[in-house]
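Only one structure is covered here, and it is reproduced in the block below.
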Amino acid sequence: MPAHDVLIIGAGLAGQRAALAAAEAGASVAIMSKVHPVRSHSVAAAGGINAAIAIDDDWTEHAYDTVKGSDFLGDQDAIEIMCSEAPGEAMHLEHIGVTFHRNEKGELDLRAFGGASKKRTAYVADITGQAILHVLYEQLMRHEATVDRYEEWFSTSLILDDAGHCTGAVARDIRSGAIEIFNAKSVILCNGGNGQCYKPTTNALICTGDGISQAYRVGAPIMDMEMVQYHPTTLAENGFLITEGARGEGAHLLNADGERFMENYAPNKMELASRDVVSRAEQTEINEGRGVGPDGQGIYLDITVVPRKRVLEALREIVNIGRDFAGTDITREPIMIRPGQHYIMGGVKTDVDGRTPIPGLYAAGEVACVSVHGGNRLGANSLLDTLIFGRRSGEHAAARGTDMAMPKAPVSRLREDTTAIEEIMGRPREGRRVSEIKDELGTTMNEYVAVYRDEAGLTKALEIVRRLQEESAKAYIDDGGRVFNQDVLAALEVGYMLDCAEATIVSAIERKESRGAQFRLDYPERDDEEWLKHINVTRGEDGEPAITYSDVTITQWQPEVRKY
Ligand SMILES: Cc1cc2nc3c(=O)[nH]c(=O)nc-3n(C[C@H](O)[C@H](O)[C@H](O)COP(=O)(O)OP(=O)(O)OC[C@H]3O[C@@H](n4cnc5c(N)ncnc54)[C@H](O)[C@@H]3O)c2cc1C
């Protein structure tokens, strides 16, 4: 039975940064991932990472932009930590080998990003996530003596002891189908987000909310789940992301009349207002009949206004995406985009060291909600969040384990998960396929729990999700084998996604106001008196989601009217 001081589930940026920090602090570490680590969704991050490193910038300005971007729902103590530690983290990345873009003077180059008052996004062309992830992976290899990598292992559930402390997890070796208990003094969840609850989404197929659901199932609160980010520029056909870096480099958004409509919504920041504002503006144009494309459901992103040389140098990935997936040469013609699901601001509630209320259970990265993003995340603040809070969790968990005996879970826990998997594999081929349930979930969320919401639509979505929960308990799969059985994992993932979707809808119904990414047509105003608070969801005794509230931490920025 593997036993480690720190078990990290997830090997994207948060997981790898946590592993590195814990190993450097002297802990024995296991890092587990259901795909090869460099295929984690972090690899897709394009635009960059924020840090106030310019001479004329200051971390307090970054913090204020983040607070404003969050529509004042972000916790300011956590935001202060993230923004003040950002320059040091960016420099650390440089020193360990991330080849950030430099300008002609040889200084680190910074690009403009949405909601930011200064240029503060460091980048490696439009493959920033890939560049950082590969460097961290190389660094982890230096710690082979103390870091065990479990690649293509799938964690199925968390283990709590009788005192309610987290002492490890159960996981399945995807290659062989073997299942094992991992004992650990502390567990750090770094499983990423749950974008796959939506269809389309910019997120990879693996972003299925496993960590959020598994934490929720053992009693951890999940917070701000109603806050789901729609990115303003995703390909109309398939939801692929066109990085905000394009607008950062100067691209325009145009409606069917060829008008730069952002003038009417955010005259100061135009295309570089925060994402919730731009996505809502686009959706309004579409809803009012000024959309483009055969069904009027698109908007044009015109990158031809950016010099071609600069596009080929700084945005080369989206040149390829435009050509291969939309048949468009973005250096010569506008490309059709629309708002699409991209990121979840909510997740497992943690403090600034990644601790959840369950002793021994930590979370960092997109799976977690610290909360630094509140109602709306600024572009290029997520990579930063994964690294800062990944590192802090790794350090804290390593320290926690120093004077502690290794816990040992009863083998009965293994039997429970084995039986559950066998039950899925043994289901008769009748009723619905798992993949059909996933599809219906995605289209439902995209219809009713999107940029604009109202009580009637949200209630309908909840009814559908509850029906899908019942159907998924019986849904069948086709593969009955042990080796690389992705089908059975998909059945487990659908269960996790349905938990996340339910919490999202319940929270969206609860929040009777419009703030950040939550726009309620039936409650169109922000209401600080009643709703300047976080919504937490925990699983009640009866298995139903139960709602509580927690305060928003305000240190130096009082809520004000938000204009761009
Ligand atoms: C297309 C795209 C572009 C983006 N661009 C940017 C950008 O430019 N700047 C920015 O700041 N943010 C960007 N983001 C957001 C940012 O990339 C993500 O929020 C961030 O990378 C998440 O990192 P993570 O470490 O939390 O999770 P991920 O990178 O998603 O990693 C999750 C890990 O958990 C593992 N895992 C999950 N479930 C299990 C399980 N049950 N068992 C075992 N392992 C499991 C996975 O295998 C994976 O290793 C972008 C996101 C997308 C989708």
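The values are calculated or read from the model by the stated rules, or taken from the named source; none is laboratory data. On a predicted model such as this, the values are computed, not experimentally measured, just so you know. Here the Cβ positions follow ideal geometry from the backbone for every residue, glycine too, while neighbour counts run over all protein chains shown. For the accessible areas, the whole protein counts, side chains as well, though only heavy atoms, and no ligand, DNA or RNA atoms are used. Shrake-Rupley method; radii C 1.70, N 1.55, O 1.52, S 1.80 Å.
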| note | Among residues of segment 480-517 being basic (Lys, Arg) and open to solvent by 10 Å² or more (accessible area, probe 1.4 Å), the residue nearest to the ligand (Cβ to nearest atom) is Arg482
| Number of positions in segment 296-354 that are part of a helix (DSSP H, G or I), touching a strand residue (DSSP E or B) at 6+ places or on another chain (Cβ under 8 Å), more than 13 Å from the ligand (Cβ to nearest atom) and among the aliphatic types (A, V, I, L, M) | 1
| message | I'd like to check something: does segment 274-293 contain any residue that is among the basic types (Lys, Arg) and open to solvent by less than 30 Å² (accessible area, probe 1.4 Å)? | response | yes
| query | Tally time: how many residues in segment 160-183 are more than 14 Å from the ligand (Cβ to nearest atom) and part of a strand (DSSP E or B)? | reply | 5
| Can Asp65 be described as within 15 Å of the ligand (Cβ to nearest atom) and buried (at least 24 other Cβ atoms within 10 Å of the Cβ)? | yes
| Residues located in segment 513-531, provided they are farther than 19 Å from Tyr549 by Cα and not in a strand (DSSP E or B) | Leu521, Asp522, Pro524, Glu525
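Rundown of residues vs (1) touching a residue at least 40 places away in the same chain (Cβ under 8 Å); (2) farther than 30 Å from Glu430 by Cα, yes/no style:
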site	(1), (2)
Ala491	yes, no
Lys512	no, yes
Asp522	yes, yes
Asn536	yes, yes
Thr548	yes, yes
Lys563	yes, yes
| Which listed residue, of Val170, Val135, Val147, is over 28 Å from Thr243 (Cα atoms) and within 24 Å of the chain's Cα centre (by Cα) | Val170
| request: Looking only at segment 213-227, count how many residues are open to solvent by less than 10 Å² (accessible area, probe 1.4 Å) and either free of Cβ contacts under 8 Å to residues at least 12 places away in the same chain or farther than 11 Å from Ile344 by Cα (or both). | output: 6
| query | Counting only residues that are part of a loop (DSSP other than H, G, I, E, B), open to solvent by 10 Å² or more (accessible area, probe 1.4 Å) and either more than 8 Å from the ligand (Cβ to nearest atom) or at pLDDT below 95 (or both), how many does segment 184-197 have? | reply | 0
| said: Can you go through Ala397, Ala420, Ala409 and tell me which one is in contact (Cβ under 8 Å) with a residue 40 or more places away in the chain, away from the ligand (no atom under 16 Å from the Cβ) and either open to solvent by 20 Å² or more (accessible area, probe 1.4 Å) or over 12 Å from the mean Cα position of the chain (by Cα) (or both)? | reply: Ala409
| remark: The residue that is nearest to the ligand (Cβ to nearest atom), considering only those in segment 237-284 that are of a type in the set (A, V, I, L, M, F, W, C) and in a loop (DSSP other than H, G, I, E, B), is Phe240
| query | Do we find a residue being among the β-branched types (Val, Ile, Thr), more than 21 Å from the chain's Cα centre (by Cα) and farther than 22 Å from Glu80 by Cα anywhere in segment 519-540? | reply | no
